[in-house]
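Take a look at the structure set out below.
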Amino acid sequence: MRTTRALAVTAVAAAVVGLAAPAASAWDSPSNIVAMPSVIARGGQLTVTVDGSSCHMSGSTISSPVFPTVPLRHVSGNTASATVTIDRNARPGSYDITAHCGERRSLTRPAAFTVIGGVRGGLGGSTSSGATPTDMAIGGGLVAAAAVGGGVFWMRRRSEKRV
């Protein structure tokens, strides 16, 4: 009876070790890619974080069609990161990121981020210095209207007290 128990325990232990071995080797591969911000304008800076124990070693890189291949740097634990600049001539749309970590280990995250068209901002009122004559006329008219309205209100209240 003891031999049967010993064989059963040995078989269970071998099965556990056998099932854990592929998971341990998969830990070396990159497991997650996160791009922040997920929506970015052309020419903007994107921070990419990759999880995986082999990704913080030298020679690990990330790449995408809208930025050049960039080396990853170790952040903490099993996390590596890189900051990239999106090409100014990138077309709007969703783009993949591929992380290459260790020997022949890579992970591609489809549609990791979205490039939007550039913003065409105008100069607005930033080219003038100080108030223009039109601004002065409008402001003066508002002050005059307030003074007249206050005077009428004060005179009316004063005449009510005499009766």
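Results, tabulated for the structure shown:
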quantity: Global form of the stretch 46-92, assessed from the alpha-carbon gyration tensor, a/c cut-off 1.5; calculated: prolate
quantity: Value of Rg to Rh for the stretch 27-67 (Rh from inverse mean 1/r over Cα pairs, i.e. Kirkwood); calculated: 1.02
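None of the figures in this text is laboratory data; all of them are computed from the coordinates on show. A quick note: this is a predicted structure, and the numbers were derived from the prediction, not measured.
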